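The values are calculated or read from the model by the stated rules, or taken from the named source; none is laboratory data. Computed from a predicted structure; not experimentally measured. We place every Cβ from the backbone using ideal geometry, glycine too, and count neighbours over all the protein chains shown.
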């Protein structure tokens, strides 16, 4: 380091601190190679986004590489659909975040927009894993066991009680080799035999009590077809896959901390390259569930509209709802990395999106629950009249370069039904009989008369405007506290707007009485669909485009939109309304 250069700032990320110490000591020769190893048995969720950002971000920070590896060792639950969705999600989360170190010879499957430096599958290593299992058998470190799964569980013991040896533990090497080959060749029924590591049934760490390495399972694999009828368990395949790829830092969630001694045992017994496993706490989020099993249940039972339902915590669901990759990454950066289990407030994720969209989303006016207003002193239209009055509106007050747009104004408008109250309480500053408000970008408006239907429901307001207040200011200096948005009835376009809320109605939906499950805590009002009236500039909105509907929140064009039919999803409100309700005890 040059004399005039500032000393590097030590990282506060404990994983990065470990890596920096390894780099100082020369371990792994200063190399950094991480991997993101999802199972292709479901769609990725926001918890996986944390791992994506950590693994790929760590590689980027230290000029290293990061592999995408599919842990495809359970063919009964894996599908190509999940493989494809995972690749799309990883690309999206990391889009526009800068490249990793260029790979001069990228492996097959890596495209120009792919952030990974290698794409691999555990199934790539099935032959090698089988050969290594034979090595362990020959060393007397693995044996074929005929115990049933229930018998294995019963003899495993407890944290305070040692297990008991399998009666098949002392089979000869020759018999184990013969039986293991028979397992591979399909000579035995499914589940009738397993290959187990021979470690110590009295070990204080239950994971080292002769764990299963292989099981017999006749299921067609999405890549290898019917070549194999035995499949490696994750604890066996994990470390060896890391070793083959020369991973330096195998970053896992905290539940694998007690599996690390087994990870090390397999690698040490085989005498192969040894990565460093490091564990961090997984992401838990309020008002939702993060278990892929539970999310799959919601999909299969049609309690949601699919994996990309905008109420789901899946990456595809968040993307469809209107989240941006920048917001996801900012959220992951904010929550940080630790060894301590905890639950993050959903408000943190929502705030990250507000912060991002506030800077980039153009403003538009949209009335979600329309109430008609007739301005009786505004000139009535007639044949051959001049075009509609056009008012200037700012596209984004946070971005001067976004410019302005023209918004048509007319004698008949729509306002939000919630912006009118016939008998308002003290401190109510919106529209009421005899009261005056400011119309956004337009004029002062006063309510003169209320029209009701036969049932007594308010259906229309008759109002007057002050033409001297164009632009929202009165030349006589009178003040109006309330400002509301509006849409010209003549020029409005109708659109379907989906108002999404939390998936679950309580912060911790898995805290349920005995005999119940999380389904009792699903939020029955998590989706409301309304027909809204939008300003005409939104007519050309395209899939994924995001806007702030003034005073209403941030909205994104949904994939269900079609010619002549716009569909918008509410991505997030302008404020955390749930926090307000909790404070009020509602």
- Selection count where residues are over 30 Å from the mean Cα position of the chain (by Cα) and buried (at least 21 other Cβ atoms within 10 Å of the Cβ), scope segment 266-289: 1
- For residues that are over 27 Å from residue 59 (Cα atoms) and not in a helix (DSSP H, G or I), tally how many sit in segment 115-140. 2
- Among residues of segment 529-550, those that are loosely packed, with under 13 Cβ neighbours inside 10 Å and not in a loop (DSSP other than H, G, I, E, B), counted: 4
- What are the residues in segment 12-40 that are free of Cβ contacts under 8 Å to residues at least 24 places away in the same chain and outside any helix (DSSP H, G or I), if any? 26
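Per-residue answers, yes or no, for (1) in the same structural domain as residue 52 (by TED's automatic domain parsing); (2) in contact with a helix residue (DSSP H, G or I) (Cβ under 6 Å, 6 or more places away or on another chain); (3) modelled with pLDDT of 95 or more; (4) in a strand (DSSP E or B):
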site	(1), (2), (3), (4)
219	no, no, yes, no
227	no, no, yes, no
242	yes, no, yes, no
258	yes, yes, yes, no
262	yes, yes, yes, no
277	yes, yes, yes, yes
- Message: Being under 14 Å from the mean Cα position of the chain (by Cα) and farther than 27 Å from residue 396 by Cβ narrows it down to one residue among 328, 344, 375; which is it?
- Response: 344
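Return a yes/no flag: does segment 153-166 have any residue that is in a helix (DSSP H, G or I) and either touching a residue at least 40 places away in the same chain (Cβ under 8 Å) or touching a strand residue (DSSP E or B) at 6+ places or on another chain (Cβ under 6 Å) (or both). I'd like the intermediate steps shown before the answer.
Our first condition is that a residue be in a helix (DSSP H, G or I); within segment 153-166, this holds for 153-154.
The next check asks that each one be either touching a residue at least 40 places away in the same chain (Cβ under 8 Å) or touching a strand residue (DSSP E or B) at 6+ places or on another chain (Cβ under 6 Å) (or both); those that pass are none.
Checking segment 153-166: not a single residue is in a helix (DSSP H, G or I) and either touching a residue at least 40 places away in the same chain (Cβ under 8 Å) or touching a strand residue (DSSP E or B) at 6+ places or on another chain (Cβ under 6 Å) (or both).
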- Provide a single number: the residues in segment 378-391 that are loosely packed, with under 15 Cβ neighbours inside 10 Å and modelled with pLDDT of 95 or more. 1
- Message: I'm checking my understanding of the structure. Among residues of segment 562-573 that are at pLDDT below 95 and part of a loop (DSSP other than H, G, I, E, B), which one is surrounded by the most Cβ atoms within 10 Å (Cβ to Cβ)?
- Response: 564
- Message: Yes or no: segment 204-221 includes at least one residue that is out of contact with any strand residue (DSSP E or B) (no Cβ under 8 Å at 6 or more places or on another chain), surrounded by fewer than 16 Cβ atoms within 10 Å (Cβ to Cβ), more than 17 Å from residue 139 (Cβ to Cβ) and without any contact (Cβ under 8 Å) to a residue 12 or more places away in the chain.
- Response: no
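Specify the residue that is modelled with the highest pLDDT; the eligible residues are those in segment 574-586 that are closer than 14 Å to residue 348 by Cα and assigned to a loop (DSSP other than H, G, I, E, B).
574
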- Task: Please give the number of the condition residue 189 fails out of (1) out of contact with any helix residue (DSSP H, G or I) (no Cβ under 9 Å at 6 or more places or on another chain); (2) in a strand (DSSP E or B).
- Result: (2)
- Item | Any chance residue 292 is crowded, with 18+ Cβ neighbours inside 10 Å and modelled with pLDDT under 95 | yes
- Which one is surrounded by the most Cβ atoms within 10 Å (Cβ to Cβ) among residues in segment 299-316 that are assigned to a helix (DSSP H, G or I) and in contact (Cβ under 8 Å) with a residue 24 or more places away in the chain? 315
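Considering each of 185, 160 in turn, give the residue that is over 16 Å from residue 212 (Cβ atoms), modelled with pLDDT under 95 and in the same structural domain as residue 133 (by TED's automatic domain parsing). Spell out the reasoning first.
Details: 185 fails: modelled with pLDDT under 95.
One residue alone meets the criteria, 160.
Among the residues of segment 506-524, how many are in contact with a helix residue (DSSP H, G or I) (Cβ under 9 Å, 6 or more places away or on another chain) and without any contact (Cβ under 8 Å) to a residue 60 or more places away in the chain?
Taking segment 506-524 as the starting set, the residues that turn out to be in contact with a helix residue (DSSP H, G or I) (Cβ under 9 Å, 6 or more places away or on another chain) are 506-513, 517-519, 522.
Subset that is without any contact (Cβ under 8 Å) to a residue 60 or more places away in the chain: 511-513, 517.
Result for segment 506-524: 4.
Looking at this structure, is residue 491 more than 34 Å from the chain's Cα centre (by Cα), modelled with pLDDT of 95 or more and outside the structural domain of residue 411 (by TED's automatic domain parsing)?
yes
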